[in-house]
Structure formats: structure tokens, C-alpha cells
Amino acid sequence: MAGGPAATAAEVPDATAAAAPARYVPFATPVGALAGVLGPDSTTTFPVLGVGGVPATGVSAVLVRVITHDPTAATWLALWPDETSRPADLSTLNVAAGENISNVAVVVPGANGRIAVYNRWGEVSVGVDVQGYFTTAASPATGGFVPVAHTRLIDTRSGLGTTTGMIPAGGSRTVTIAGTFVPAGATAAYVNLLVPGATAGGWVGAAPPGTALGKGAIDYAAGSTQSGATIKLAADGRVTFYNKGSAAINLVVTLQGYFSGTANGGTPFQPVTSRLINTRTAGTGVPLAGGGTLDVQVAGIGGLPASGVTGAVLHLTVTPEEAGYLKAWPAAEAEPSVTLMDFNAGAWRTNTVVLRPGPDGKIRLKNGSFAPIHLIVDVQGWFERAGEPRPVKVMPMGDSITWGQGSSTTSGYRGPLWLRLSNEAGYTPDFVGTQTVGTIGDPDNEGHRGWQIDQLQANATTWITTYQPDVVLLHIGTNDMYRNYQVDTAPDRLSALIDQILAARPGIYVLVAKIIPSTNASAQSRINAYNAKIPAIVAAKGDHVRMVDTTNLASADLVDQLHPNDAGYAKMSDRWYPALTTVLAS
């Protein structure tokens, strides 16, 4: 169903090859670009440039969702730039007769600003929505892509990231995507949506809370349906999902990456169209055995560079004999628990994912069926990091808050900060210290539970001399205030500690935090007085000492009187990040 033989070499259309790297602009309400009926072996075209908020110029590609309704036969659809030849082996969505589902694709508009869509068999109603576009314009400078290891964030079956229970027909559920893996302020997230075990078909919409719902994010059939999607996020990282089906559903959201809200954060996009493998025509045409894995080269072929690929947009097609699932992950890394496709016996299935290749430039695919499958892997573009990652040594220093107490991963603010430095800012961060704790990122730090300022003073020179950090993140004084320990001298002791760090390594930067709030009223009064002294202390130290205000936590962000929960630590990371990247850039 997916077309003719695979290309043995990369075929990059001129329109694609000429495109400049671009950043993504999401729509809060996707723009309807096409709604019509296609007969067998027929093509129609429709405009996207200059339509519904998509600029007429400076657009290298659009991210669209294509939907089928009531196909009279099993068929496949293909989308490509108008005024160019249709690639003979291209398919964008494969459906069975009567199946109403959707898939997303990145498509380069033709020189006339239009996209062509082709239907192979039978008659089918086709809809195409634009979820966003990739702009080569200088503004906005936001919208670079930040990949993450595929991570399940929301599961209504277990209550992961939300309340437990199905979303009723016509109902909605608001969830928070921002947290450990996505910073507040991210413009959008690329996710894989799963509607498992649906008793009837329907569609799910997604929009920032308070935004009118327009088009959908996934159309699902009875059974289990998965599809990639971009979802526009509110400034605080929330999104509302709407169930527009006739029966209650469960919903599972797996994060694959996000689009940065920081100027020049993340990596830009470069479109390309190429087939990487078709197991039907590769070699002797041997399918992938049940339970088997297949490594596919991504970087260095098909128009992609050999290095610097932070994520590839991959269109995956499975032709199964029996029901099962598909997994994909960077080769040479551990197999993830999450799947990205469910398929039924004899029914071809497609999905579009964003995946970072492994160190060897390969991805690994696993057939979760007992029977063989054939696989087709097409690439629609990639996100590329210019230059090599820049190494940096960071020493998080403080008490149990730096250690990560109250965090589900015991990584505290260090986990999300390390991820963001590595994935979004393009550094190779090396967190250093004598303490090793946490499951996310680099676990090394100098966070000591129960310690006060003077205890850090007794050890700081040795730590700095030994590890030679470029930057120290200093959050200390909470225990002094909570225990009412020599409160009057605490600012002076903090000042002396900063001097000690500066003397131990000339040229080092020290980021000094206003300490987070407490729900203990007496302690909070002392914290307020202590924090009020910090700006003057920092200002007197020179340009290599900067203040970071981490007082943005609310009582809901604490697990007890002193320690943040995961949401609170994510807020701390969001305050450390801009200050840290600013000094590193200088």
C-alpha cells in the first residue's frame, strides 16, 4: 500500500535542498487548509502559504495533520510540494476501509505556496490542518527544538501526571507538561498521543487553557491508536485535552521534545525528503522477525549530516501479519518502556516521530509482534546543532535543597537544569562535587543535608581547589533561618563564603540565590530579612558574582515546610538557567 520500490540513494528535491535552517511557530488553534473528497488514483492541491496565519514568505516547511473519514477501501495518501513530481514510493497515511485516523507530516510547500495530496484507492474524505510552520525569518528567534529521551508524562489509567480516570465523552482534562523535562515558557511540545482500548472512534483536541478549541490533535479508531502531534503550551506549560468522541477514553502522552521559548535556544530545522529503508526491497527483502530489532542508519545518509543531528523527523510505516506494537530508540542505548505504534493484523499503520540517533548515527526499531513485519522508514527533516557541544563545570553548592530532598528523582533542580544545559543550550555540563545523588543527569554536587553556612565555609576551599568548577550555584541559609542560628551574622557569613570561593579559583563565577520560601511563619520572617541583604552583598563582589531570585515558589510547590516538590524544583531550574547561560556566554 505504501507505493513502489525504495530509493537506494537519497533523493532531495530542489525546494528542500535550498531551504535555510528554520525555527518552529506553533498555532494555538490549528488552521484548516483542506476539506474535500478524493476518488481513486486522484490528486488535489491546496494553498498553505499566506493562509490562516501562515506567512506568504520565509516558510521552509509546514507541519500538518492529515485526516481520513469513511474511506471506501484500504488506501494510502501522500503529500508533497505542488508543481513537483510525486515521489513514487511516498505515503503519508495508511488506512483500512472505514477507518478514521490521522497522522502528522512535515511538508515543504511548492514554489506556488501549495501542497498536493494523492489518494490511491477508493473514495475518501480528506482533511488537512496546519499545526504550525517553520520560519527562516530572523524573528522570532524562539522555536528551536530540544529533544528529550522519549518519556511518558501523562497516563489517565494510572494517574501519572493527572487524576486517575477516563476523560468522558465531550469532557476535557487540563494537565501540566512543564516540569522536569520541559521548562515553563516552552512554546510547544512534540508528543506521541495514545488512545488505548477505545470502544468507539472520535478525536482529541488540544489547546492552551482558555483558548478556543479549533481542530484536533489526533483522530482515533476503536482499539488503540497512536499519533505524533505538536501541542501549543500556555506560558505555565499547561494544555487542555478535549475528548470529542462518543465514549469515554483514556489518554497517554509521551514527550519526544519541545520547542524552546528562549531566543536561540534549541536547534533549528532543515527539511529533507528521503527514504532510509524499505525491508521489502532492501537486500533479499527479509522482514523483521517477531520480537526482533533492526538498526537503521539515519545520520550521514539521505541528505543528513554525519554529526550534529539532535533529532530526525521520521515517518514509520509497518506492514504486519499479526497485531503488535513498534518501539524506536537511539541505537546503543537501553530499550525504553514506551511504544510509539500499535497495529492490527493485516492493517498497515503509520506514525511520525522525532528521535535522536545514537552515537553511531543509528536508531533501533523493535517489532513487538509474534509475527514478522515489513518496515519503511522515511526522513522528513532534521534538527542540527552547529558546532561541537561546549564543556562546562558546574558545582551546585548548598544544603538538602541542593541535594534534592523532596524530589521524586532526588535530582532536585539539578536534574532539569542539567537536561536543559545539555539539550537546549548545547553544553556538555559536568556537575562536580563530593556528593552523588539523583537519577537524572549528572548526580555530582555539594548539597549537604542539614548544613548551615559555616559548614560550607569549612570545606569550600578544598572543594573548589579539587574540582575547579567554572561556576558555583550557591543556595544556602535555609537551615540557619529555620533553626534561628546566629541569624544576625548570616549575611556576613554568606559574604565571607563568597569571598572564599572567589579566592580559591580566580575567574570563577558564583551565582547566589535568594533562598526559597518556607511555610513556617517564623522562619519565613527571618528568610525575608536574610534575602533582603543579598542584593547588596552580591553587588559589592563585582561582575563575577550574580544574584538569582528563587523566591518564586508557592506553598503548593513544597512537600514540607522547607523542601520543594518536583514542580518547585522545576521552578528553581527555570530561574538558574538564564542566569547560568548568561555567564557562560560571557
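The values are calculated or read from the model by the stated rules, or taken from the named source; none is laboratory data. None of the values given here were measured: they were computed from a predicted structure. For neighbour counting, all protein chains shown are included, and Cβ atoms are generated from backbone atoms with ideal geometry for every residue, glycine included. Just the protein is used for accessible areas: all its heavy atoms, side chains included, with ligands, DNA and RNA removed. Shrake-Rupley method; radii C 1.70, N 1.55, O 1.52, S 1.80 Å.
Of note:
- Cα Rg over Rh - the chain, Kirkwood: 1.02
- Volume per residue for the stretch 430-586 equals 108 cubic angstrom (convex hull of Cα atoms).
- Antiparallel DSSP beta bridges within the stretch 353-491, as percent of all bridges there, nearest 5: 15
- Cα gyration tensor shape of the stretch 387-481, rounded if a/c is under 1.5, else prolate or oblate by comparing a/b with b/c: oblate
- When the P(r) is computed for the stretch 369-439, the part past 14 Å accounts for 69% of the Cα-Cα pairs.
- Net charge of the neighbourhood of THR174, taken over other residues with C-beta under 14 Å away and scored Lys/Arg +1, Asp/Glu -1, is +2.
- Rg/Rh, computed from the Cα trace of the stretch 22-176 with Rh as the Kirkwood radius, has the value 1.02.
- The Stokes-Einstein estimate for the stretch 514-586, based on a Kirkwood radius over Cα pairs and taken at 10 °C with 1.306 mPa s viscosity, is a diffusion coefficient of 119 µm²/s.
- With all pairs of separate Cα atoms included, the stretch 157-205 yields a Kirkwood hydrodynamic radius of 13.1 Å.
- Looking at the stretch 508-555, the accessible area is 40 square angstrom per residue; that uses a 1.4 Å probe and ignores ligands, DNA and RNA.
- The stretch 414-468-the stretch 475-509 distance, computed between alpha-carbon centres (Å): 17
- TYR242 exposes around 50 Å² of accessible area when a 1.4 Å probe is run over every protein chain in place.
- Shape metrics for the stretch 50-116, restricted to C-alpha atoms - Rg then Dmax, Å: 13.3, 39
- Whole-percent carbon and sulfur share, accessible surface of the stretch 397-437, 1.4 Å: 49
- Rounded if a/c under 1.5, otherwise prolate or oblate - the stretch 279-338, Cα gyration tensor axes: oblate
- Beta bridges per DSSP with both ends in the chain, % antiparallel, nearest 5: 85
- Normalising by residue count, the stretch 301-392 has a Cα convex hull of 106 Å³ per residue.
- Working note: Karplus 6.51/-1.76/1.60 with θ = phi - 60° gives the stretch 316-322 the couplings 10, 10, 10, 10, x, 9, 10 Hz, where Gly and Pro are set to x.
- Accessible area expressed per residue, the stretch 358-438, with surrounding protein chains retained (probe 1.4 Å, Å²): 32
- The largest accessible area among ASP219, ASP454 belongs to the first residue in ASP454, ASP219, and the rest follow in falling order (1.4 Å probe, all chains).
- Normalised by 2.2 N^0.38 Å, where N is the number of residues, the alpha-carbon radius of gyration of the stretch 171-249 equals 1.09.
- Taken one residue at a time, the phi angles of the stretch 458-475 give Karplus couplings (6.51, -1.76, 1.60, θ = phi - 60°) of 5, 10, 4, 4, 5, 4, 5, 4, 6, 9, 6, x, 7, 9, 10, 9, 10, 10 Hz. Gly and Pro are set to x.
- When restricted to Cα atoms, the stretch 430-500 yields an Rg and a Dmax of 12.9, 38 Å, respectively.
- Per residue accessible area of the stretch 220-318, 1.4 Å probe, in Å²: 29
- Here the mean projected area of the convex hull built on the C-alpha positions of the stretch 457-497 is 3.2 nm².
- The chain - mean residue ellipticity at 222 nm from DSSP helices (-39,500 (n - 2.57) per run, n ≥ 4, rounded to 500): -4500 deg cm²/dmol
- Rounded to the nearest whole Hz, the Karplus-based 3J(HN,Hα) values (6.51 cos²θ - 1.76 cosθ + 1.60, θ = phi - 60°) of the stretch 143-149 follow the sequence x, x, 8, 10, x, 9, 4, with x at glycine and proline.
- Each Lys and Arg contributes +1 and each Asp and Glu -1, all at the Cβ; summed about the Cα centre of the chain, the dipole is approximately 520 debye.
- Equivalent ellipsoid, the stretch 220-314 (semi-axes from 5 times Cα gyration tensor eigenvalues, Å): 31, 25, 10
- Our summary gives the stretch 162-313 a relative contact order of 28 percent, counting only alpha carbon pairs under 8 angstrom and 6 or more residues apart.
- Within the accessible area of the stretch 149-296 (1.4 Å probe), percent carbon and sulfur: 54
- Percent of Cα pairs exceeding the 13 Å cut-off, where the set is the stretch 195-235: 54
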